[in-house]
1. Just to verify a number: what accessible area does E51 come out at with the full protein assembly present, 1.4 Å probe, Å² rounded to tens?
2. Quick check: pseudo-label points 7 Å beyond the Cα along Cα→Cβ at R178 and T6, how many nm apart are they?
3. Can you tell which of D166, D183, D56 shows the greatest fluctuation in a Gaussian network model of the chain with Cα springs below 10 Å?
4. In Å², and per residue, what accessible area does region 68-152 have when probed at 1.4 Å with the other protein chains present?
5. So how much accessible area does T67 have, in Å² to the nearest 10, using a 1.4 Å probe?
6. Pulled fully out, how much extra length does the chain show between D45 and N199, if you take 0.36 nm times their separation in residues and subtract their Cα-Cα distance?
7. Give the residue from T102, T126, M154 lying farthest towards the positive end of the charge dipole for region 90-203; charges sit on Cβ (+1 for Lys and Arg, -1 for Asp and Glu) and the dipole is referred to the Cα centre.
8. Please work out how much length the chain gains when fully extended from T168 to Y119, using 0.36 nm per residue of separation minus the C-alpha to C-alpha distance, in nm with one decimal.
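The values are calculated or read from the model by the stated rules, or taken from the named source; none is laboratory data. Quick caveat, the model's predicted, so the values are computed rather than measured. Ideal geometry is used to build each Cβ from the backbone, glycine not excepted, and the neighbour counts take in all protein chains shown. Note: accessible area is taken over every heavy atom of the protein model, side chains too, but ligands, DNA and RNA are not part of it. Shrake-Rupley method; radii C 1.70, N 1.55, O 1.52, S 1.80 Å.
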Amino acid sequence: YVKQKTDKDKIFIHFTAGRKSAARTIGSWGNDEPKIATAYVIGADDGKANEAFHPDYWGWHLGVKGTNGALDKKSIGIEICSFGPLKKVGDKYYAWPNDWKTEVSSDEVYELDKPFKGYKYYQSYTDEQMNTLEQLLEYLIENYNIPVQKSFDMSWFEFMPKLITDKTPGLWTHVNCRKDKFDSYPDHRLLEVLNRLSNKYNS
């Protein structure tokens, strides 16, 4: 990460496209030279939030070309441990590691009504992760005075070029600023969390 304090007016939600341990995810970042990281990672093994670095600072977590990190510097990133998209073969589900041969239990699968980014199945966030995410978002909103949008619906999972050009404050996810990303998939529980926060902070 970059040990430079910056004002924050945005939060971006990601998933790791990796395994369940937040600690191992953060440890793997420490072995890489690029300063690509988020301030927080929420584990799937225990549902707890791990702080990778203090959110006053920043990391290159968005990768939006031609912006010189303008969004990265003004935002706090949160990763949720999840493989992300899954492929169904017969009655089994597989994630991308080992050339789509890593099996995921059927009770960890979130099935969409229609495909998102070409995939109908994603490794589901756990209920514990959702609870932790809501608490963490509350903490960050209150401590950094992050504005919260008035409502959230399925359009929140779309690419939004105006977010990049206008550097719009608020609560966002990676797909909003990158067409090639999958995080986050449209999970109704995520919208419920965001709308509860909107009701709380816009009442």
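1. 100
2. 1.5
3. The residue with the greatest mean-square fluctuation here is D166.
4. Accessible area per residue: 52 Å².
5. Accessible area, nearest 10 Å²: 30 Å².
6. Extending this stretch completely gives an extra 52.4 nm.
7. Value: M154.
8. Extra length available between T168 and Y119 comes to 14.8 nm.
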